[in-house]
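The values are calculated or read from the model by the stated rules, or taken from the named source; none is laboratory data. Predicted model only: the values in this text are computed from it and were never measured. In this analysis, Cβ positions are derived from the backbone assuming ideal geometry, glycine residues included, and neighbour counts consider all displayed protein chains.
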Amino acid sequence: MNATEELDYLDSPSKVDAAVARLAAVREAGGPDLGIGIDFHGRVHKGMAKTLARELEPYRPMFIEEPVLPGNEEALREVARHTTTPIALGERLYTRWDFKRVLVGGYVDVVQPDLSHAGGILETRKIAAMAEAFDVAVAPHCPLGPIALAASLQLDACTPNAIIQEQSLGIHYNRESDLLDYLVDEEIFAYQDGYVAIPVGPGLGIEIDEEKVREAARTGHDWRNPVWRNADGAVAEW
């Protein structure tokens, strides 16, 4: 779940209280053993990230994701000092060299490479192996289509430090179409109790409905990130 909407460098206590209330509601509904990943999505600056990390910790999140934007390694070190909650990041990092920097820094507990961004299956497997050497878990980033998800699942199957797999079935931004629409056999991704079987067919284990892809290509798409602004009109990170 997302932690919060836009936050300024220093923002109001009411926004912190709202983030805490959301997490508290989910914890109450899901019980003590529900794993809740809290995605800051790089929306939060260092000062507020420290506050949020401390205030959310009593509800025992599974991890906090991208507490600050990548590139702010110094800020990540500071945030890590204010919480025992595991820190996750990596969807905006590329190749093992970017991940090497954050692993050596020692402030990340879960890396989240995206196979379609970070160099494919082989490069991401190298990233995962390097993370294992630092005692760091892997949770591949994948809010994408069926090919990316199938590739991620194949990686998970041979990665001992893989802990959870992101997927976009039924997510809020899937409008007019969804991930399963592009598959010949939709049962390939039949989730039960939060788990899905690794596809075992040829290649990645899926067959794409090529006519559906052609139809979508004819329609095209014009999705853009929302434009968020702080109270003073300054552009905020989405």
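Restricting the first member to the stretch 213-233 and to residues that are in a helix (DSSP H, G or I), and the second to residues that are hydrophobic (A, V, I, L, M, F, W, C) and surrounded by 10 or more Cβ atoms within 10 Å (Cβ to Cβ), no beta-carbon pair is closer than 9 Å while six or more apart or on different chains. Among the residues of the stretch 158-204, just one is touching a Phe, Trp or Tyr at 6+ places or on another chain (Cβ under 8 Å) and of a type in the set (S, T, N, Q), namely Q167. Counting residues in the stretch 43-59 that are closer than 19 Å to A236 by Cβ and touching a Pro at 6+ places or on another chain (Cβ under 7 Å) gives one or more. The residue that is surrounded by the most Cβ atoms within 10 Å (Cβ to Cβ), counting only those in the stretch 187-204 that are under 19 Å from the mean Cα position of the chain (by Cα) and part of a loop (DSSP other than H, G, I, E, B), is V196.
Just so you know, in the stretch 156-189 the residues that are among the hydrophobic types (A, V, I, L, M, F, W, C) and in contact with a helix residue (DSSP H, G or I) (Cβ under 6 Å, 6 or more places away or on another chain) include one that is farthest from G205 (Cα to Cα), and it is A162.
Screening V16, V44 for residues that are in contact (Cβ under 8 Å) with a residue 24 or more places away in the chain and over 27 Å from S168 (Cβ atoms) leaves exactly one candidate, V16. Quick check: is even one residue across the stretch 174-186 at pLDDT 90 or above, within 16 Å of the chain's Cα centre (by Cα) and within 25 Å of T124 (Cβ to Cβ)? Checked the stretch 174-186: no residue is at pLDDT 90 or above, within 16 Å of the chain's Cα centre (by Cα) and within 25 Å of T124 (Cβ to Cβ).
Is it fair to say L89 is within 18 Å of the chain's Cα centre (by Cα), modelled with pLDDT of 95 or more and closer than 24 Å to I163 by Cβ? So L89 fits the description; yes. Quick check: is even one residue across the stretch 215-230 of a type in the set (G, A, S) and within 22 Å of the chain's Cα centre (by Cα)? So far as the stretch 215-230 goes, no, none of its residues is of a type in the set (G, A, S) and within 22 Å of the chain's Cα centre (by Cα).
What do you reckon, is E5 among the acidic types (D, E) and outside any helix (DSSP H, G or I)? Taking the combined requirement at face value, the residue satisfies it.
When you scan the stretch 173-181, do you find a residue that is in a loop (DSSP other than H, G, I, E, B), of a type outside the set (V, I, T) and within 24 Å of F63 (Cα to Cα), even just one? Taking every residue of the stretch 173-181 in turn, at least one turns out to be in a loop (DSSP other than H, G, I, E, B), of a type outside the set (V, I, T) and within 24 Å of F63 (Cα to Cα). Residue pairs whose Cβ atoms lie under 8 Å apart, sitting 6 or more positions apart in sequence or on different chains, and linking a residue in the stretch 20-39 that is free of Cβ contacts under 8 Å to residues at least 12 places away in the same chain to a partner that is of a type in the set (V, I, T) and not in a loop (DSSP other than H, G, I, E, B), are L34/V26.
Filter the stretch 130-165 for residues that are part of a helix (DSSP H, G or I), among the small types (G, A, S) and either buried (at least 17 other Cβ atoms within 10 Å of the Cβ) or touching a Ser or Thr at 6+ places or on another chain (Cβ under 8 Å) (or both) and give the result. I'd like the intermediate steps shown before the answer.
First, the residues of the stretch 130-165 that are part of a helix (DSSP H, G or I): 130-133, 146-157.
Now narrow it down to the ones that are among the small types (G, A, S): 131, 133, 148, 150-152, 157.
Passing the criteria: A131, A148, A150, A151, S152.
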